[in-house]
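The values are calculated or read from the model by the stated rules, or taken from the named source; none is laboratory data. This structure is a prediction, so every number in the text was calculated from the model and none was measured. Positions of Cβ are generated from backbone atoms using ideal geometry, with glycine treated the same way; all protein chains shown enter the neighbour counts.
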Amino acid sequence: MEADAIQQALMAPISPVAAHELATEQIKRCIQLGLFLPGEKLPPERMLAERLSVSRSTLREAVRVLRAAGYLSVRRGAAGGLIVHDAHVEDPAELRAWIRTQRAHLNELLDYRMVIEGAAAEFAARRRTDEDLARMEAALQRMDRSKDAALAQTEAAAEFNAADTVYHLEVAAAARNGMLRKAVEDIRREMYLPFGGFFVRTRTDADVYHRNIYDAIFDRDDARAGEMMRLHIDLTRKAIITFLDADRLRG
């Protein structure tokens, strides 16, 4: 009977998923990962509909849902269009106070990242291709171009964070394990919007480890790649502690 009850709980009635719900989820995923930047205009309706392989009416329904949820807004005028809403907390004191209330959860997220992304880096070192390395290098160069300006400009910081996300996803993709890649994507989605204000405002210097991780993957040194990734994430944790306990802010 106990097994029957568990089966019943796990096998709930299935509801059909409408096309606009799938489109909504895909656009939301890009926003949550920071791949559509705050304040950025989305591609034109026709282009976005083609990219998602949906009708324009389906896309409009997805946009309606995303606007109602606060992910998008509409800018009027010649330069108007669908704009990604900046959901980050702007006031440093408010951000610090809010992160303190979420500190236990944030520590859990960082613990999870160390386990998942450390393993992804190790597998990437064993399985990477030259094409994987080229994509990682492109993300590193994109971060290098934006990191100095990121200290003073919110827009540049968002660009740096987007390149950072791409880099970590490329490392996960090089691991050749779909479950690991999805886990990396999910954890970054959970961290970017609620905690992104910290990364926009505070330089962690964690980007120093990005090159070390790349070099280890290039050398196919799986142990060093995993260790560099874990040190990178641990440095982020220490930077958050510094942010909470001191007043060293960007800008």
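For segment 145-187, filtered to residues that are among the basic types (Lys, Arg), at pLDDT 90 or above and part of a helix (DSSP H, G or I), the residue that is farthest from residue 218 (Cα to Cα) is 182.
Within segment 75-89, the presence of a residue that is under 30 Å from residue 226 (Cα atoms), in contact with a Gly (Cβ under 8 Å, 6 or more places away or on another chain) and of a type in the set (D, E, K, R) is excluded.
Which members of segment 83-142 meet the condition of being under 17 Å from residue 241 (Cα atoms) and among the polar types (S, T, N, Q)? Once the filter is applied, which keeps residues that are under 17 Å from residue 241 (Cα atoms) and among the polar types (S, T, N, Q), segment 83-142 yields 101, 102, 107.
Checking each residue in segment 97-131 for being among the basic types (Lys, Arg) and surrounded by fewer than 19 Cβ atoms within 10 Å (Cβ to Cβ) picks out 100, 103, 126, 127. Among residues of segment 219-237 that are surrounded by 18 or more Cβ atoms within 10 Å (Cβ to Cβ), those with a Cβ under 8 angstrom from a residue that is among the aromatic types (Phe, Trp, Tyr) and part of a helix (DSSP H, G or I), sequence gap 6+ or separate chain, pair up as 222/123; 228/209; 229/209; 232/209. Determine whether segment 16-39 contains at least one residue that is over 17 Å from the mean Cα position of the chain (by Cα), without any contact (Cβ under 8 Å) to a residue 12 or more places away in the chain and loosely packed, with under 12 Cβ neighbours inside 10 Å. Taking every residue of segment 16-39 in turn, at least one turns out to be over 17 Å from the mean Cα position of the chain (by Cα), without any contact (Cβ under 8 Å) to a residue 12 or more places away in the chain and loosely packed, with under 12 Cβ neighbours inside 10 Å. Just one of the numbered conditions (1) at pLDDT below 95; (2) under 24 Å from residue 190 (Cβ atoms); (3) of a type in the set (A, V, I, L, M, F, W, C) is not true of residue 114: (1). Hey, among the residues in segment 97-126 that are in contact with a Gly (Cβ under 6 Å, 6 or more places away or on another chain) and not aliphatic (A, V, I, L, M), which one's farthest from residue 235 (Cα to Cα)? Across segment 97-126, the extreme among qualifying residues is 122. Going through (1) without any contact (Cβ under 8 Å) to a residue 24 or more places away in the chain; (2) farther than 28 Å from residue 170 by Cβ; (3) assigned by TED's automatic domain parsing to the domain that holds residue 189 one by one, residue 103 falls short only on (1). The combined condition, being in contact with a helix residue (DSSP H, G or I) (Cβ under 6 Å, 6 or more places away or on another chain), outside the structural domain of residue 158 (by TED's automatic domain parsing), under 21 Å from residue 186 (Cα atoms) and assigned to a helix (DSSP H, G or I), is not fulfilled by residue 49.
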